[in-house]
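Working notes, beginning with the structure itself.
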């Protein structure tokens, strides 16, 4: 996260989804709107086209460092599937274009710092190293070294000195990172030195649980306001909905940025900025525009098999190539789910599906569940699946051409829900008013093979070869 004047910009990790590295804008640190993406796709290869058994699940764009210097915005991140570091530059963070450099080196969780004509990186895990790039970030400087400036032993820790954020504030260089003591909560730790190469001393600046969950909050930036107040944005693993941003006050004490109430996370934080706008990090879409809403991302590279004009007012997906299941189906359209409880709903016209085709809506993660329509042997069926295991099959009348499909997400259960946290249910309807729930519940899990929270996905693929078309009238998402 950075502040430019009175504008705040935040970038998020979206792994294998494309377009990638969303840029969000805010005036008040509370209400955010997606305004652009840094790239459309990283590479046009087998990995991002889901060909020949290759994919970028759990990999792709990781941990972007965002900076602004001399009128230019810089974004740096690694891609595990490519084993490279990417640096993007633009003078217009909303409209682009972004210029790209690719560095044939791997700087894990790197953070950039522009300092006195130099562009430094701190990166690593456990041992944090310092190196230097060319001033425009296009390459590693020819005489750069990779010096260990902080060494944090891992014994007794599940995670140590990772996710660095690098600053030069006042007299000190600061490296803010995450530690995770075994059996305890995540901890935000900061190191400081008056010399960029050290030695560095450390202090715990945040440790504790938040919101009734055992997950500690840590890893993320600190940022100031135009009036000189400071806040920390630190993430929390929040179960199946994924990693969520949280905000804490920062109080400078003896040159240390202490978060929360004397390092204890605060349940409620008042941000002393005028409230501006609404949240636009998720959206319904009636598919009546000539473009998709910015919240949408494709599973891997954006395909050519979709249209908003083939059937005006509907979004069409073509089952253009054979897939073994949803994990390698090209053209799966996704957006974030919403906590604490929400619905995702669509209306599907399945009249143009061919034998072997399946289309519908999915709670998308490694352990996925979906409800849709499958065409087989000249008959169409409502099907419910967990991954690729078919749970239900309900034949449809020949004269039917459409069905309403819905997923209910319960990430944080209330007393009325009658289910544990992180449960999803599959519903269908023939009129959009009277709903039937399948006798099934998905116990959602945040797993590191995908490394993302659950998303709602609209999909259409064939298990036989080039197939037909699915038409989606709308996508609606709302909380309850």
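The values are calculated or read from the model by the stated rules, or taken from the named source; none is laboratory data. The structure presented is a predicted model; accordingly, all values stated were derived computationally and were not measured. When we count neighbours, we look across all protein chains shown, and the Cβ atoms used for this are built from the backbone with ideal geometry, even at glycine.
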Inset, instruction - Please work out which one of (1) in the same structural domain as residue 82 (by TED's automatic domain parsing); (2) assigned to a loop (DSSP other than H, G, I, E, B); (3) crowded, with 17+ Cβ neighbours inside 10 Å; (4) touching a residue at least 60 places away in the same chain (Cβ under 8 Å) is the condition residue 231 fails and give its number. - result: (2)
Inset, instruction - Select from region 187-215 the residues that are free of Cβ contacts under 8 Å to residues at least 40 places away in the same chain and assigned to a loop (DSSP other than H, G, I, E, B) and write down the one among them that is nearest to the chain's Cα centre (by Cα). - result: 215
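Give me a count of the residues in region 418-446 that are in a loop (DSSP other than H, G, I, E, B) and modelled with pLDDT of 95 or more.
Narrowing region 418-446 to residues in a loop (DSSP other than H, G, I, E, B): 418-422, 430-434, 438-441, 444-446.
Checking the rest, the ones that are also modelled with pLDDT of 95 or more come to 419-422, 430-434, 438-441, 444-446.
Of the residues in region 418-446, 16 are in a loop (DSSP other than H, G, I, E, B) and modelled with pLDDT of 95 or more.
In region 36-68, which residues are under 16 Å from residue 3 (Cα atoms) and surrounded by fewer than 17 Cβ atoms within 10 Å (Cβ to Cβ)? Full working, then the answer.
As a first pass, look at region 36-68 and keep what is under 16 Å from residue 3 (Cα atoms): 64-68.
Result: 68, single match.
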Legend entry - Filter pass, residue 87 being at pLDDT 95 or above, part of a strand (DSSP E or B) and in contact with a strand residue (DSSP E or B) (Cβ under 7 Å, 6 or more places away or on another chain): yes
Inset, instruction - Answer with yes or no whether residue 345 is assigned to a loop (DSSP other than H, G, I, E, B) and over 18 Å from the mean Cα position of the chain (by Cα). - result: no
Legend entry - Residues within region 134-170 that are at pLDDT 95 or above, surrounded by fewer than 16 Cβ atoms within 10 Å (Cβ to Cβ) and in a strand (DSSP E or B), tallied: 5
Inset, instruction - Could you pull out the residue among 337, 346, 309 that is in contact with a helix residue (DSSP H, G or I) (Cβ under 7 Å, 6 or more places away or on another chain) and either within 25 Å of residue 373 (Cβ to Cβ) or without any contact (Cβ under 8 Å) to a residue 40 or more places away in the chain (or both)? - result: 337
